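The values are calculated or read from the model by the stated rules, or taken from the named source; none is laboratory data. Keep in mind it's a predicted model, so treat the numbers as computed, not measured. Here the Cβ positions follow ideal geometry from the backbone for every residue, glycine too, while neighbour counts run over all protein chains shown.
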Amino acid sequence: MENQTPLESTITFLGTAGARFMVTKQLTASGGIWFNINGTQVLIDPGPGSIVQSTKRKLRAEKLSAIILTHRHLDHSADVNIMVEAMTEGGFNKHGRFFAPRDALETEPILFSYLRNSLDSIELLEAGKTYQVNGLSFATPIRHIHPVETYGLRFNAGGHTFSYITDTRYFEGLAGAYKGSELIIMNVVLLEPKSQLDHLSIPDAERLVKELKPKIAILTHFGMGVWKGRPWEIAEKLTQSTGIKVIAARDGMKFDLMQLDSHE
């Protein structure tokens, strides 16, 4: 009997740019995060360049089972339409599911009407709900504080629990929504908190790591201040201050969930 190759469970960062100046100048790439969990492939937040970066990484959009949009801002949604078109092979293969908050579909809809019939389903994200894509379960535990309707994602699959804390300011209850996560991926735009901006800062990230105590934390979606502060050096300092491994994502970085098993 031939040995079967185990299905991979990986997370690929198509880009690490966050906030308008990093994205418009393309100091690092943008384009979202591609999950391949036990053979189920899902794209999160296909911002500008998603089609370019995914193709460059030899990731095939027609293999996607779903696209999930955490919120409607351009740095997360600009390539939604081309990625839906690619997922459905130009609209000729009715396939795949699209998840998004209500205001992304009803207020200046980000998904073109001609593409909607190409999808198997379009589903609204709401706080406290759980969704299923093949064997991948994910929840939107709490609405984030951000200028538009925004939800982070908490996944359960392959014996692991991992979370994506998308754009938000820090608030009481944020950490509690993602308790029990072995891996947390955080969008960290700010070097220091700015009261007028609804984004996480490096001190917020440190607080979340200390509160959540994951096995590993990954920082991404860097603003200009974080980029100038050298994210890899910031991550090393956070590792030292928290006692938990903190990684700064890089464009094209692939994280294998098997790494969590070595951090028991």
Among the residues of segment 80-115, count how many are touching a Leu at 6+ places or on another chain (Cβ under 9 Å) and either free of Cβ contacts under 8 Å to residues at least 12 places away in the same chain or not aromatic (Phe, Trp, Tyr) (or both). 20
With the checklist (1) in contact with a strand residue (DSSP E or B) (Cβ under 9 Å, 6 or more places away or on another chain); (2) of a type outside the set (Val, Ile, Thr); (3) farther than 29 Å from residue 216 by Cα in hand, flag the one item residue 129 doesn't pass. (3)
Among the residues of segment 127-158, count how many are more than 24 Å from residue 256 (Cβ to Cβ) and without any contact (Cβ under 8 Å) to a residue 24 or more places away in the chain. 5
If you check every pair at least six apart or on different chains, which have Cβ atoms under 7 Å apart with a residue in segment 60-71 that is over 13 Å from residue 45 (Cα atoms) first and a residue that is among the β-branched types (Val, Ile, Thr) second? 64/42; 65/40; 65/42; 65/133
Take residue 197 and tell me if it is touching a residue at least 24 places away in the same chain (Cβ under 8 Å) and in a helix (DSSP H, G or I). no
Hey, any hits in segment 31-46 for a residue that's outside any helix (DSSP H, G or I) and more than 28 Å from residue 182 (Cα to Cα)? no
Could you list all residues from segment 199-211 that are surrounded by fewer than 24 Cβ atoms within 10 Å (Cβ to Cβ) and either in contact with a Pro (Cβ under 6 Å, 6 or more places away or on another chain) or not charged (D, E, K, R) (or both)? 199, 201, 202, 203, 208
Can you name the residue in segment 65-92 that is of a type in the set (D, E, K, R) and more than 21 Å from residue 148 (Cβ to Cβ) and is also surrounded by the fewest Cβ atoms within 10 Å (Cβ to Cβ) among such residues? 89
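Each row is one residue, and each column tells you yes or no for (1) at positive phi; (2) in a strand (DSSP E or B).
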| site | (1), (2) |
| --- | --- |
| 86 | no, no |
| 90 | yes, no |
| 94 | no, no |
| 99 | no, yes |
| 103 | no, no |
| 109 | no, no |
| 119 | no, no |
What's the number of the only condition in (1) without any contact (Cβ under 8 Å) to a residue 60 or more places away in the chain; (2) closer than 18 Å to residue 76 by Cα that residue 214 fails to meet? (2)
Please give the number of the condition residue 118 fails out of (1) under 18 Å from the mean Cα position of the chain (by Cα); (2) surrounded by 16 or more Cβ atoms within 10 Å (Cβ to Cβ). (1)
Name the single residue that is nearest to residue 261 (Cα to Cα) among those in segment 200-215 being touching a strand residue (DSSP E or B) at 6+ places or on another chain (Cβ under 7 Å) and either part of a loop (DSSP other than H, G, I, E, B) or hydroxyl-bearing (Ser, Thr, Tyr) (or both). 215
On the basis of being out of contact with any Asp or Glu (no Cβ under 8 Å at 6 or more places or on another chain) and at pLDDT 95 or above, does residue 128 make the cut? yes
